[in-house]
1. In region 43-86, which residues are acidic (Asp, Glu) and touching a Gly at 6+ places or on another chain (Cβ under 6 Å)?
2. Could you list, in sequence order, all residues of region 31-48 that are in contact with a strand residue (DSSP E or B) (Cβ under 9 Å, 6 or more places away or on another chain) and in contact (Cβ under 8 Å) with a residue 40 or more places away in the chain?
3. Here are Ala111, Ala98, Ala106: which of them is small (Gly, Ala, Ser) and within 22 Å of Gln134 (Cβ to Cβ)?
4. Among the residues of region 75-92, count how many are in a helix (DSSP H, G or I) and either within 11 Å of the chain's Cα centre (by Cα) or more than 13 Å from His13 (Cβ to Cβ) (or both).
5. Among the candidates Lys124, Lys129, single out the residue that is of a type in the set (Lys, Arg) and in contact (Cβ under 8 Å) with a residue 24 or more places away in the chain.
6. In this structure, does Ile22 turn out to be of a type outside the set (Phe, Trp, Tyr) and within 14 Å of the chain's Cα centre (by Cα)?
7. Could you check, for region 90-104, whether at least one of its residues is crowded, with 18+ Cβ neighbours inside 10 Å and in contact with a Ser or Thr (Cβ under 6 Å, 6 or more places away or on another chain)?
8. Looking at (1) assigned to a loop (DSSP other than H, G, I, E, B); (2) in contact (Cβ under 8 Å) with a residue 40 or more places away in the chain; (3) surrounded by fewer than 19 Cβ atoms within 10 Å (Cβ to Cβ), find the lone condition where Pro113 falls short.
Amino acid sequence: MTTATGTAGSPLHILILDDEPIVCKRLKPAFQKMGYEVETFTDSASALARLHETTFDIVITDLKMEGADGMQVLTGAKESSGTTHVIVITGFATLDTAKESYRKGAFDFVAKPFKLRDILDCVKRIEEKRRDEQAPDAPLTV
């Protein structure tokens with residue numbers, strides 16, 4: 001099994017935030033099976049506090065929640081670490097919320113209900129992007 005690697009060869013560290021516990025219960029084992037370190041949260045206050053304590057390679061956040069919403073979590077993740085990639089998931093997808101997510105730096109925006117494969121593929125794309133960014137002889141794209 002190949003291990004997904006983040007900073008300095010350690011496993012990629014993923015934070016999952018969704019106020020629906022079933023989403024966390026569904027995603028966590030799938031990512032762990034792929035070799036990622038995963039922390040899950042069902043309330044935004046705890047997730048934001050954790051974002052200030054440690055750096056995550058990837059944050060997967062729901063958009064609509066009590067307390068801080070996904071846009072605030074996206075902003076908090078980007079402020080904590082410019083290298084954190086954020087995936088916004090939502091059951092309330094609109095063109096405006098998608099545009100706002102991308103404008104604030106989201107890597108991707110995924111509408112619920114989603115297939116597990118959609119999120120796994122998105123994380124794989126982030127992993128490839130990180131690998132390309134870290135490659136010493138990466139070709140310049142114009």
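The numbers here are math on the coordinates, done by the rules we state, and not lab data. None of these values were measured; they are calculated from a predicted model. Note that each Cβ is placed from the backbone with ideal geometry, even for glycine, and that neighbours are counted across all protein chains shown.
1. First, pick out the residues of region 43-86 that are acidic (Asp, Glu): 43, 53, 57, 62, 66, 69, 79.
Selection gives Asp57, Asp62.
2. Phe31, Tyr36
3. Details: Ala111 fails: within 22 Å of Gln134 (Cβ to Cβ); Ala98 fails: within 22 Å of Gln134 (Cβ to Cβ).
The match here is Ala106.
4. Going residue by residue through region 75-92, those that are in a helix (DSSP H, G or I) are 75-80.
Cutting the leftovers down to either within 11 Å of the chain's Cα centre (by Cα) or more than 13 Å from His13 (Cβ to Cβ) (or both) gives us 75-79.
Residues that pass the stated criteria total 5.
5. Working: Lys124 fails: in contact (Cβ under 8 Å) with a residue 24 or more places away in the chain.
The match here is Lys129.
6. Values: of a type outside the set (Phe, Trp, Tyr): yes; within 14 Å of the chain's Cα centre (by Cα): no.
For Ile22, the condition - of a type outside the set (Phe, Trp, Tyr) and within 14 Å of the chain's Cα centre (by Cα) - is not met.
7. Looking for residues that are crowded, with 18+ Cβ neighbours inside 10 Å and in contact with a Ser or Thr (Cβ under 6 Å, 6 or more places away or on another chain), one finds none in region 90-104, hence no.
8. (2)
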